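Novice: This structure is in structure tokens; I'll ask about it shortly.
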Amino acid sequence: MPDVITVRVQTDSDSFQDVVVKIERPTYHKPFLGGFKNRITGVEFHNAGTQTIPKNRPDKGIKLFCRETQTAFGKNKPQQTKNTTSTQMTKIGLYVSNVTDKLVSPGKYLTAEEYHKRRLEAVIVLQTYFRRWHAKKVVQNLREEKRLRLAWEAQEELRRKKEKEEKLRREHERRLNPKTKEDFELLYHALELWRQEETERINRTLTGAERKAAFCGLLEQEAQLIASIGRHKLNADEENQQKAILHFLDKCAQPKRWKAYDGKITEMDTQGTLRARELFEIYRSISMNDIPKDERIDVLLTLRRTVKEHECKLTWEIVELIDREVDLMSREVKECNLEGLRKRICTLFLQYIKTPKFNPEVARILKVPPDPLKLYKNVNFCHSCENYLPSTEFPVPANSCTIGRCRLCCKLDNEARRRETFLKYKLILENLRKSEADYQDDAKIVSLVQHQDLQYMIENIWGCQSALSACSDLYDLVMVRWDKQHEWSPCNTILLTKDEADAHLRLCNLQEAYEAAFIHRIRHKHIRAKNYFAQIPAVASFLHRSDNQANAN
């Protein structure tokens, strides 16, 4: 565009005038103020703005300075303006009506003392009503708190009742269908309690030959019950062994897992895990009972193709047994006569799976036999079964100075003679170790204490009851720190119920919360426990360290 353009402007209906317009180009870049685009023609239209150039002041050649100052002094002065009033009364020549007039008579004069007295009475009335409202509010709050407290107590009582019923139901179920070692301990313990009750009854009611006959009958009943428990134990061992095998194979077939930077778990299958999963599925199929004949033959043929990939004596035996079972099934042999053959196939195939050459993933789970030279240092002799066993097979209490019998001999002796159950003490010890792990203060003594030591403390020092409520239900009792600022030790513990333990751990000052007589009784129990465990060198050093920390604090 040129700098000067001519624009024709219409001045009248039929006259035009040419106007010369000078284009002043800006020295700055025009900002984009928006616009729109015609979607049909594609022409873009931009918004525009104009601004006239401000007029510059002429330069006079001299510098001009201007400064204005003003100081104002304010003054406040009250003013009373005049108000002109007038009155009018009746006179000669003027009548003023008195119809709208009011008669004002002076009232009783009120002194300052009477005024303040009336104000005080009014204030007392207001206070009376406010105190009544406040008292009703307090009573309503107390009534609501009482209602909530009673509802909570009823709920807690119902919860305890349900927990007790559930515990009895579980214990009854464990006695009817024992599965674990603790279940059989409960059975033998119940058997011993029954035997003691029967013995006491016979001694109390019978004498002479009748007494001897009753004891013979009791002995026969006890032998029958022991034989029944033994049969249950064989079935449970077989079932537990099968579960352990399936768990072992499932662990081998698990994919590789790792945690990414964003916290997500990534899984990856390798050739080894896929091979382990395939073998696991085959083993689970051949272990199943009561499957149709055709499916059984398909599973056996799949197993035959799998093991024939490797040529060795083990695979030859498996193939031979598979062919034998297929031949017997084709001859319509009863399944009860094939159980031994099928168990042998499962046993050999399990041996095949546990071979790292055929299943590489099993190598990272199987226990590698240790070096025999190093094994000699950790082997001990059991004088009961006369076997050499690793040191891990010997239970060593904290107060033991020598290696005694192995775990199996101790278990057999307990089942044959004392028939005690340690489940309650093991649960208390497990809860104690979990609570100590939550403190994360590197507690050492709790890892040295065994359930035999805890049993001695609970029975001989704490009397098998809570220090506060004297509750004797060991399933509801826990051991916690007496002073939660120091690590747990036999001289820094207290036996309470679960609810009492939660309330005890919330205390900040034990001296203010408990009476002096109760604290003295607890200190006395701590001294007895310290005297007992101070004889053990392994625990004495930790007790000495905890005492030093307490004295320093």
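The values are calculated or read from the model by the stated rules, or taken from the named source; none is laboratory data. The shown structure was predicted, so the numbers you read here are calculated from the model rather than taken from an experiment. Please note: Cβ atoms are built from the backbone with ideal geometry, for glycine as well, and neighbour counts cover all protein chains shown. Ligands, DNA and RNA are stripped out before the accessible areas are found, and what is left, the full protein with its side chains, is counted by its heavy atoms. Shrake-Rupley method; radii C 1.70, N 1.55, O 1.52, S 1.80 Å.
Novice: Taking 24 Å as the cut-off for C-alpha to C-alpha distance, list the pairs among 181/426; 167/424; 434/498; 233/313 that go past it.
Specialist: Details: 181/426 13 Å; 167/424 12 Å; 434/498 14 Å; 233/313 35 Å.
Violating the 24 Å Cα-Cα cut-off are 233/313.
Novice: What's the center-to-center distance, using Cα atoms, between the stretch 205-223 and the stretch 479-535 in Å?
Specialist: Distance between centres, Cα-based: 49 Å.
Novice: Give a residue-ordered list of calculated ³J(HN,Hα) values for the stretch 151-164 (Karplus: 6.51 cos²θ - 1.76 cosθ + 1.60, θ = phi - 60°; whole Hz; x for Gly, Pro).
Specialist: Those phi angles translate into 5, 5, 5, 5, 5, 5, 5, 5, 5, 4, 5, 5, 4, 5 Hz.
Novice: Work out the FRET efficiency for residue 89 and residue 110 from their Cβ-Cβ distance, taking R0 = 22 Å, and round it to the nearest 0.05.
Specialist: Approximately 0.10, to the nearest 0.05.
Novice: Okay, next question. Take the Cα atoms of the stretch 64-160, build their convex hull, and give its volume per residue in Å³. Walk me through the intermediate numbers first.
Specialist: On the way: hull volume 56.2 nm³, N = 97.
That works out to 579 Å³ per residue.
Novice: Can you spot the aspartates and glutamates whose alpha carbon is less than 19 Å from residue 136's alpha carbon? Ignore those fewer than 8 places along the same chain.
Specialist: Within reach: 144, 145.
Novice: Can you compute the FRET efficiency between residue 527 and residue 502 using 1/(1 + (r/R0)^6), with r the Cβ-Cβ distance and R0 = 41 Å? Round to the nearest 0.05. Intermediate results must be reported in sequence, preceding the final value.
Specialist: Details: r = 27 Å, r/R0 = 0.65.
My answer for the efficiency is 0.95.
Novice: Once both axes come from the Cα atoms, what is the angle between helix 181-205 and the longest principal axis of the chain, in degrees from 0 to 90, rounded to 10?
Specialist: 60
Novice: Return one whole number: the accessible area per residue of the chain in Å², for a 1.4 Å probe. Show your work: numbers first, answer last.
Specialist: Values: 42440 Å² over 553 residues.
Solvent-accessible surface per residue comes out at 77 Å².
Novice: A further question follows. Could you work out what % of the accessible surface of the chain is carbon and sulfur, using a 1.4 angstrom probe and leaving DNA, RNA and ligands out of the count?
Specialist: On the way: 22780 of 42440 Å².
Answer for the chain is 54 percent, counting heavy atoms of protein chains only.
Novice: If you don't mind, another one. Students sometimes get this wrong: rank 206, 142, 432 by accessible area, probe 1.4 Å, all chains present, largest first. All intermediate terms of the calculation are to be shown ahead of the outcome.
Specialist: Values: 206 45, 142 100, 432 0 Å².
Accessible-area ranking of 206, 142, 432, largest first: 142, 206, 432.
Novice: Right, another one. So if R0 is 30 Å, what FRET efficiency would residue 48 and residue 14 give, r being the distance between their Cβ atoms, rounded to the nearest 0.05?
Specialist: Working: r = 32 Å, r/R0 = 1.07.
That gives a FRET efficiency of 0.40.
Novice: Put +1 on the Cβ of each Lys and Arg and -1 on the Cβ of each Asp and Glu in the chain; which of 258, 88, 240 then has its Cα farthest toward the positive end of the dipole?
Specialist: The one lying farthest along the dipole's positive direction is 88.
Novice: Further question on the same structure: Considering amide H positions built from the backbone, and no H for Pro or chain starts, which residues 5 or more places from residue 493, or on another chain, come under 5 Å of its amide H?
Specialist: 482
Novice: Using θ = phi - 60° and the Karplus relation 6.51 cos²θ - 1.76 cosθ + 1.60, list the HN-Hα couplings for the stretch 102-109 in order, rounded to whole Hz, with x at every Gly or Pro.
Specialist: 10, 8, 10, 10, x, x, 6, 6
Novice: Rounded to the nearest 10 degrees, what's the angle between the helix 339-353 long axis and the longest principal axis of the chain, both from Cα atoms, 0 to 90?
Specialist: So the helix axis and the longest Cα principal axis differ by about 60 degrees.
Novice: Label the stretch 399-482 by shape, choosing from rounded, prolate and oblate, from the square roots a ≥ b ≥ c of the eigenvalues of the Cα gyration tensor; if a/c is under 1.5 it is rounded, and otherwise prolate applies when a/b is larger than b/c, oblate when it is not. Present the calculation step by step, with values, prior to reporting the outcome.
Specialist: Numbers: a/c = 2.17, a/b = 1.32, b/c = 1.65.
Here the stretch 399-482 falls in the oblate category.
Novice: Checking the a/c ratio against 1.5 first, then a/b against b/c, what shape does the Cα gyration tensor give for the stretch 421-551? Mind dumping the intermediate values first?
Specialist: Values: a/c = 1.29, a/b = 1.05, b/c = 1.23.
In terms of gyration-tensor shape, rounded.
Novice: Given the DSSP H assignment, sum -39500 (n - 2.57) over each helix run of at least 4 residues in the chain and divide by its residue total; what's the result at 222 nm in deg cm²/dmol, nearest 500?
Specialist: -17500 deg cm²/dmol
Novice: Nearest 20 debye, what's the magnitude of the dipole of the chain about its Cα centre given +1 on Lys and Arg Cβ and -1 on Asp and Glu Cβ? Spell out each step's value before the answer.
Specialist: Numbers: 95 positive and 79 negative charges, 609 e Å.
Once rounded to the nearest 20, the dipole reads 2920 debye.
Novice: Hey, could you grab the Kirkwood Rh for the stretch 268-366? Inverse mean 1/r over distinct alpha carbon pairs, Å, one decimal. Mind showing how you got there, number by number?
Specialist: On the way: mean 1/r = 0.0709 Å⁻¹.
14.1 Å is the Kirkwood radius here.
Novice: Spin-label point model (7 Å from Cα, Cβ direction): what's the residue 169 to residue 124 distance in nm?
Specialist: 6.7
Novice: Reachable lysines from residue 264, Cα under 17 Å, same-chain residues fewer than 8 places away excluded?
Specialist: 256
Novice: Hey, can you grab everything whose amide H is under 5 Å from the amide H of residue 380? Only 5+ residues off in sequence or another chain; H modelled, so Pro and N-termini drop out.
Specialist: 389, 391
Novice: Another question about this same structure. Note the direction-averaged projected area, equal to a quarter of the hull surface, for the Cα convex hull of the chain, in nm².
Specialist: Numbers: hull surface 361.7 nm².
One quarter of the hull surface, i.e. the mean projection, equals 90.4 nm².
Novice: In whole Å, what are the Cα extents of the stretch 114-186 along the three principal axes, biggest one first?
Specialist: Ordered largest first, the stretch 114-186 gives principal extents of 93, 14, 10 Å.
Novice: Check which residues have an amide H placed less than 5 Å from residue 487's amide H, if you skip close sequence neighbours.
Specialist: Residues meeting the criterion, in which the H sits 1.01 Å from N, do not exist here.
Novice: What are the GluC sites (Glu not before Pro) within the stretch 97-131 that DSSP puts in a loop, where the Cβ has at most 16 other Cβ atoms within 10 Å? Could the numbers behind the result be given before it?
Specialist: On the way: sites: 113, 114, 121; in loops: none.
Hits after loop and neighbour filter: nothing returned.
Novice: Could you sort out which of 308/343; 444/525; 164/367; 243/444 sit more than 30 Å apart by Cα distance in this structure? Show your work: numbers first, answer last.
Specialist: On the way: 308/343 20 Å; 444/525 21 Å; 164/367 42 Å; 243/444 35 Å.
From 308/343; 444/525; 164/367; 243/444, over 30 Å: 164/367; 243/444.
Novice: Once phi is turned into θ = phi - 60°, what whole-Hz ³J(HN,Hα) does the Karplus curve with 6.51, -1.76 and 1.60 give for every residue of the stretch 466-473, x standing for Gly and Pro?
Specialist: Listing the rounded values in order: 5, 5, 9, 9, 6, 6, 10, 7 Hz.
Novice: Might you work out the accessible area of residue 99 for me, using a 1.4 Å probe with all protein chains in place, and round it to the nearest 10 Å²?
Specialist: Taking all protein chains as shown, residue 99 has close to 120 Å².
Novice: Right, something else. Between residue 317 and residue 378, what is the label-to-label distance in nm when each label sits 7 Å out along the Cα-to-Cβ direction?
Specialist: It works out to 3.0 nm between the two label points.
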